[in-house]
Amino acid sequence: MESVGLGYLAAGIGAALAVIGGGLGIGKLAAAAMEASGRQPEVAGQVRTSMIIAAALIEGVTFFALAICIILATK
Amino acid sequence: MTSPGDTLVAVHATADSLQGSGAHGGEAGGNVFGELLHHLEDGNALETPFGHISLPQFVPVQIGGLSIDMSITKHVAFLWIAAAIVLVVVTVAVRRNARRDVPTGLGNLVETLAVFIRDQIVLPNLGTRGIAYMPYFLTTFFFILTANLLGLIPYGASATGNVSVTAGLAAVAFVMIQAGAIRAQGLGHYLAHLTGGVHWALWPIMIPIEILSLFTKPFALCIRLFANMTAGHVVILSLIGLIFIFRSYLIAVAPVVFSLGIYLLELFVVVLQAYIFTVLTAMFMGLGMQSEGHEERTHDSDHPHHQ
């Protein structure tokens, strides 16, 4: 029973850590993109597109971690 | 995959299960979570306002040591529904557009999306060579978009919230990426590319890494779509589940408002994920099509428009 509880704990802490990492990554990315489109508003469209793509890649890695957490929580 | 409409069903089921275990207040949280996850899973019945419709079941086929169950499940049914909707809507739109000079209504919508995919996704990543692959990108985009949207209507389920479905889509993307690379470079260059252009003494390290990197890209596509579609539904269901954990009308207001907000966010995510899947497939295909060496590849990818 105790090991099941530890599994839930691991899933919770793991999800939190993964989200912190992903949030920091996407936050830095968004900050840089905002700055870039502020400096050069004429390329704002291109900056936005590459921001979304990079955000999707970061998000993908975060989801790997979250999928592992879900597997832990539902075992 | 459970939609907010489906949540009504979940709510009834959860209420029943809570009535049963009313004495054990401590287990309520676990019950709610279990019930919620049950509604995210694939099933053998379609949920409708008039009760459950059972889908046909087949005896598993034995091939070698594997037993393959070809039964039609909820997600398979919604996969077919999505395919049928795409087929009908796009055919109707194209017929209408052919009849008049300026598209209106449905034809206008489909044309806007198709032009967007050509000008914003395919041409920047693949150049004019990419026009040959337009049918694939258009099909992928419209199919994923429809399948995602079906999860947001009451009693619907999004087939893309099933990892097997997204794995199938990613497998098709993998074949298309490799086929595009081989057609553009020729088989010899394609194989030479796997060595990474380094000294032959490093090949034992380089070749496995390059082969692995061929597979990680579609794998990431698969997990991304699946996790995005699942995550939104889990959040909505968890918010609704709070009502049953706290059992209070006062508490009920906040989860309903928040889940409406998440639902609207989901509407955005659904379109975004269809876009992301298509644009990343195009990007990977474009990377595979260019050049022999890594040097040139990184250089080219900085200027994807010069093709």
Single residue of region B:78-89 satisfying the filter (touching a residue at least 60 places away in the same chain (Cβ under 8 Å) and of a type in the set (A, V, I, L, M)) that is surrounded by the most Cβ atoms within 10 Å (Cβ to Cβ): B:A82
Here the residues within region B:255-272 that are within 12 Å of chain A (Cβ to nearest Cβ) and either buried (at least 23 other Cβ atoms within 10 Å of the Cβ) or without any contact (Cβ under 8 Å) to a residue 24 or more places away in the chain (or both) are B:F268, B:L272
Would you mind finding the one in B:F137, B:F141 that is closer than 30 Å to B:V234 by Cα, more than 14 Å from chain A (Cβ to nearest Cβ), in contact with a Phe, Trp or Tyr (Cβ under 8 Å, 6 or more places away or on another chain) and at pLDDT 90 or above? B:F141
Of the candidates A:I13, A:I71, A:I20, A:I53, the one satisfying the condition of being surrounded by fewer than 16 Cβ atoms within 10 Å (Cβ to Cβ) and closer than 16 Å to B:T230 by Cα is A:I71
Scan region A:25-35 and give yes if some residue there is modelled with pLDDT under 90 and within 23 Å of B:V269 (Cβ to Cβ), otherwise no. no
In this structure, does B:Y155 turn out to be hydroxyl-bearing (S, T, Y), on the phi > 0 side of the Ramachandran plot and away from every other protein chain (no Cβ under 14 Å)? yes
Any residue that is of a type in the set (V, I, T), surrounded by fewer than 17 Cβ atoms within 10 Å (Cβ to Cβ), over 16 Å from the mean Cα position of the chain (by Cα) and within 14 Å of chain B (Cβ to nearest Cβ) - is there at least one of those in region A:39-47? yes
Please specify each residue of region B:42-68 satisfying the condition of being in contact with a Phe, Trp or Tyr (Cβ under 9 Å, 6 or more places away or on another chain) and within 17 Å of B:A159 (Cα to Cα). B:L46, B:E47, B:T48
Counting only helices (runs of 4 or more DSSP H) entirely within region B:124-218, those with at least 2 residues that are surrounded by 13 or more Cβ atoms within 10 Å (Cβ to Cβ) and without any contact (Cβ under 8 Å) to a residue 12 or more places away in the chain are B:163-185
Which listed residue is in a helix (DSSP H, G or I), within 14 Å of another protein chain (Cβ to nearest Cβ) and among the acidic types (D, E), from A:E59, A:E35: A:E59
Could you please let me know if A:I20 is at negative phi, modelled with pLDDT of 85 or more and not acidic (D, E)? yes
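Yes/no per residue for (1) more than 24 Å from B:T139 (Cβ to Cβ); (2) within 14 Å of another protein chain (Cβ to nearest Cβ); (3) among the acidic types (D, E); (4) surrounded by 11 or more Cβ atoms within 10 Å (Cβ to Cβ):
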position	(1), (2), (3), (4)
B:E47	yes, no, yes, yes
B:F50	yes, no, no, no
B:H75	no, no, no, yes
B:A98	no, no, no, no
B:G105	no, no, no, no
B:I121	no, yes, no, yes
Given (1) within 14 Å of chain A (Cβ to nearest Cβ); (2) without any contact (Cβ under 8 Å) to a residue 60 or more places away in the chain, identify the lone condition not met by B:H233. (2)
Can you tell me which residue within region B:189-230, out of those that are charged (D, E, K, R) and within 19 Å of A:A56 (Cβ to Cβ), is nearest to the other protein chains (Cβ to nearest Cβ)? B:R224
Could you list all residues from region B:63-91 that are more than 18 Å from B:V165 (Cβ to Cβ) and either assigned to a loop (DSSP other than H, G, I, E, B) or touching a strand residue (DSSP E or B) at 6+ places or on another chain (Cβ under 8 Å) (or both)? B:G64, B:G65, B:S67
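The values are calculated or read from the model by the stated rules, or taken from the named source; none is laboratory data. Quantities reported herein were computed from a predicted structural model and do not represent experimental measurements. When we count neighbours, we look across all protein chains shown, and the Cβ atoms used for this are built from the backbone with ideal geometry, even at glycine.
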